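Data first, discussion second: the structure below is written as structure tokens.
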Amino acid sequence: MRYIDWLPEAYEIALKFRAAAKGRSNIYLVLLDFIDRDRSYGVYVGMSKYSPAQRFDQHKAGIRAAGSVLKRGIEVLTGPTMHLQYIKRSEALRIEAQLAEALAGAGLRVKGGH
């Protein structure tokens, strides 16, 4: 088990985002391990029609994988984005980018969030 000092802040930031319409898209966060570089952790922000767990497994298997998740992904951070599941794709695209920007603005190392 690892202690991630910025995780409570990630929850607070993610909770500021809301989706108005139901759909088939999911926002997810993946914990990234940068211990070999500077003894820190980062986060990958993604969006998919698959569940966060399924999408993480795809990344790790090399299926449409983001390099950062393939190489450094440790686990899905389910809690912060639980309320951002099954949302409209157009909203998911917007929220993905804005969430990545907000997390980076808080000083986190962020990958993804296109």
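The values are calculated or read from the model by the stated rules, or taken from the named source; none is laboratory data. Since we're looking at a predicted model, the values are computed, not measured. Virtual Cβ from ideal backbone geometry, glycine too; neighbours counted across all protein chains shown. All accessible areas refer to the heavy atoms of the entire protein, side chains included, with ligands and DNA or RNA removed. Shrake-Rupley method; radii C 1.70, N 1.55, O 1.52, S 1.80 Å.
When Ile74 is tested against (1) in contact (Cβ under 8 Å) with a residue 40 or more places away in the chain; (2) in a helix (DSSP H, G or I); (3) under 24 Å from Ile35 (Cα atoms), exactly one condition is not met: (2). Candidates are the residues of the stretch 63-76 that are out of contact with any Asp or Glu (no Cβ under 6 Å at 6 or more places or on another chain) and over 17 Å from Lys49 (Cα atoms); the one that is most open to solvent (accessible area, probe 1.4 Å) is Lys71.
Is there a residue being at pLDDT 95 or above and outside any helix (DSSP H, G or I) anywhere in the stretch 89-105? So far as the stretch 89-105 goes, no, none of its residues is at pLDDT 95 or above and outside any helix (DSSP H, G or I). Quick one: would you say Phe56 is at pLDDT 95 or above, in a loop (DSSP other than H, G, I, E, B) and within 22 Å of Glu101 (Cα to Cα)? No: the conditions fail for Phe56. The residues of the stretch 78-90 that are over 16 Å from Arg24 (Cβ atoms) and buried (at least 20 other Cβ atoms within 10 Å of the Cβ) amount to a single one, Pro80.
Here Ala19, Ala14, Ala100, Ala66 are screened, and the one residue that is over 13 Å from the mean Cα position of the chain (by Cα), on the phi < 0 side of the Ramachandran plot and in contact (Cβ under 8 Å) with a residue 40 or more places away in the chain is Ala19. Across the stretch 91-111, the number of residues qualifying as within 15 Å of Ser48 (Cβ to Cβ), surrounded by fewer than 21 Cβ atoms within 10 Å (Cβ to Cβ) and small (Gly, Ala, Ser) comes to 1.
So that you can scan it fast, the table gives a plain yes or no per residue for (1) of a type in the set (Val, Ile, Thr); (2) closer than 23 Å to Arg18 by Cβ:
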{"position": "Tyr50", "(1), (2)": "no, yes"}
{"position": "Gln58", "(1), (2)": "no, no"}
{"position": "Val69", "(1), (2)": "yes, no"}
{"position": "Gly73", "(1), (2)": "no, no"}
{"position": "Thr81", "(1), (2)": "yes, yes"}
{"position": "Leu84", "(1), (2)": "no, yes"}
{"position": "Arg89", "(1), (2)": "no, yes"}
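Say whether the condition of being open to solvent by 40 Å² or more (accessible area, probe 1.4 Å), at pLDDT 95 or above and farther than 16 Å from Lys111 by Cα is met by at least one residue in the stretch 32-42. No, there is no match, as no residue in the stretch 32-42 is open to solvent by 40 Å² or more (accessible area, probe 1.4 Å), at pLDDT 95 or above and farther than 16 Å from Lys111 by Cα. When the stretch 9-31 is limited to residues that are of a type outside the set (Asp, Glu) and open to solvent by 80 Å² or more (accessible area, probe 1.4 Å), the one that is farthest from Gly73 (Cα to Cα) turns out to be Ala20.
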